[in-house]
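The values are calculated or read from the model by the stated rules, or taken from the named source; none is laboratory data. Worth saying up front: this structure is predicted, and the values here are computed from it rather than measured. Quick reminder, even Gly has a Cβ in these numbers, built from the backbone with ideal geometry, and neighbours come from all protein chains shown. In case anyone asks, the SASA skips ligands and DNA or RNA and just uses the protein heavy atoms, side chains included. Shrake-Rupley method; radii C 1.70, N 1.55, O 1.52, S 1.80 Å.
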Amino acid sequence: MTPPDETQRRKADHLRICLDEDVQFDQTTNGLERYRFTHSCLPELDYGEIDLSTTFLGKKLGAPLLISSMTGGTEAARQINYRLAEVAQRYGFAMGVGSQRVAVEQAQTAATFAVRSVAPDVLLFANLGAVQLNYRYGVEECLKVIDMLEADALILHLNPLQECVQTRGDTNFRGLLAKIARLCQQLPVPVIAKEVGNGISSAMAQQLIEAGVGAIDVAGAGGTSWARVESERAEDARQRRLGETFANWGLPTAECVTAIRSLSATIPLIASGGLRNGLEVAKVLALGADLAGLAWPFLQAAHESVPALQELAEVLLAEVATVLFCTGHATLAALKHSAALQPLHR
Ligand SMILES: Cc1cc2nc3c(=O)[nH]c(=O)nc-3n(C[C@H](O)[C@H](O)[C@H](O)COP(=O)(O)O)c2cc1C
């Protein structure tokens with residue numbers, strides 16, 4: 001077991017490294033550059049009537065946007081979580097918090113995650129690493145982190161590459177699928193299976209759906225590279241090299257979304273990993289995702305201020321609305337699977 005202090009230190013390192021260092025994929029892309037919307041020169045729409053509202057896991061959202069799971073456990077993380085939650089509440093975005101393992105190990109840090117007071121209406125996701133189910137975590141710990149947030153769902157993140165590169169990572173992934181399946185039966189809220197930036201294939205998605213997960217977040221390649229983040233914090237040259245070798249490893253977000261959507265027309269699907277503007281958000285929605293998640297861009301803005309976050313929210317919404325307008329779609333439902341998005345043949 002990792003000592004509690006180390007869990008907290010690791011969360012602080014992750015924030016610092018993601019804010020200060022260049023830890024994005026630099027060769028693998030999110031794959032969305034391979035698609036283009038067909039422009040409509042006569043949309044026959046009034047821009048002011050475009051509706052971005054949607055529903056996910058039974059809850060109404062102002063827009064199909066998710067502030068992806070990032071942080072908690074330290075004072076700096078608390079400030080970031082509260083800023084994110086304030087903006088999620090204002091715009092009707094969904095929000096995840098970072099892994100709550102530190103709060104299970106050190107109860108006094110629970111308040112750094114507990115944003116429900118400022119986000120009473122937000123679709124809120126608790127978070128734990130699935131691998132912890134092999135390190136003495138079970139239904140009790142899951143219920144604890146759900147209660148901490150009054151969460152609407154529990155994200156179990158799947159991060160085998162990150163654990164390989166992390167010094168003293170938790171690398172026993174044996175038997176996890178059966179444990180996830182059992183939790184899906186036992187918990188009062190849906191379980192969301194999520195990667196952290198290396199993607200989920202359709203074969204893995206099939207198994208997770210059969211296990212009973214309520215949603216999938218592909219968290220594909222093309223954005224923040226966790227191999228690179230862990231390489232930055234490596235304690236020796238071997239771990240550092242390992243992280244750099246695998247810095248571009250993974251399935252691009254666009255590929256995950258198309259593959260999983262053709263496998264299942266109905267599984268609630270979140271696209272994330274390397275989404276950096278509203279045009280990319282609109283592309284993943286047109287490919288069949290129900291929600292689009294961004295982590296790194298929200299982190300940068302949250303580090304700055306609440307007004308910076310509001311500016312980011314406004315520009316993302318304007319970009320998505322502009323795609324709808326310039327493709328002649330009044331609603332997200334019309335955009336979904338729209339023939340207006342075409343693969344480029346190069
Ligand atoms: C600072 C930071 C901390 C993160 N911590 C977690 C975490 O605790 N749990 C998790 O599921 N994902 C975590 N992630 C991964 C993100 O949720 C997301 O899947 C990944 O960064 C890819 O999205 P992006 O390219 O928009 O950053 C973290 C991301 C960042 C930037």
Zero-based 5 Å bins, Cα pair distances in the range 96-147, whole percents = 5, 19, 33, 23, 13, 5, 2
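Evaluate Rg over Rh across the range 23-340, taking Cα atoms for both radii and Kirkwood's formula for Rh. Write out the running numbers ahead of the final one.
Values: Rg = 18.8 Å, Rh = 19.7 Å.
When Rh is taken as the Kirkwood radius, the ratio is 0.95.
Report, to the nearest whole %, how much of the accessible area of the range 223-346 belongs to carbon and sulfur atoms, 1.4 Å probe, protein only.
On the way: 2880 of 5120 Å².
The computed percentage sits at 56.
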task = Along Cα→Cβ, 7 Å out, is where each label goes; now give me the distance between the ones at residue 277 and residue 111 in nm to one decimal.
result = 4.2 nm
request  = Please give, to one decimal in nm, the separation of the simple spin-label points placed at residue 342 and residue 118, each 7 Å out from Cα toward the Cβ.
outcome  = 4.6 nm
inquiry  = Taking the solvent-accessible surface of protein heavy atoms with a 1.4 Å probe, what is the per residue accessible area of the range 266-346 in Å²?
reply    = 38 Å²
inquiry  = On a straight-distance basis, which lysines could pair with residue 60 in a cross-link, Cα separation under 18 angstrom, same-chain partners fewer than 8 positions away excluded?
reply    = 336
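Please find the FRET efficiency linking residue 12 to residue 45, where r is the Cβ-Cβ separation and R0 is fixed at 51 Å, and quote it to the nearest 0.05. Before the final figure, lay out each step's value.
Working: r = 47 Å, r/R0 = 0.93.
Given R0 = 51 Å and the Cβ-Cβ separation, E is 0.60.
Residue 301: net charge of surrounding residues, Cβ under 9 Å, Lys/Arg +1, Asp/Glu -1, itself excluded?
Working: positive: 83; negative: 304, 311.
Neighbour charge sum, excluding residue 301 itself: -1.
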Gaussian network model of the chain, Cα within-10 Å springs - most flexible of 166, 239, 186 = 186
note = Among the DSSP H helices of the chain, those whose Cα atoms extend at least 27 Å along the helix axis and whose mean Kyte-Doolittle hydropathy is 1.0 or higher are 306-327
request  = At 7 Å along the Cα-to-beta-carbon direction for both residue 266 and residue 202, put a label point, then send me their distance in nm to one decimal.
outcome  = 1.9 nm
inquiry  = Quick check on my link table: of 11/59; 144/194; 144/179; 11/283, which ones sit more than 22 Å apart, alpha carbon to alpha carbon?
reply    = 11/59; 11/283
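So with the 1.4 Å probe, I'd like the accessible area per residue for the range 74-168, rounded to whole Å². Working shown, then result.
Numbers: 3170 Å² over 95 residues.
Counting only protein heavy atoms, the per-residue value for the range 74-168 is 33 Å².
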remark   = Connecting every pair of Cα atoms under 10 Å apart in the chain and solving the GNM, the largest mean-square fluctuation among 230, 75, 163 falls on 75
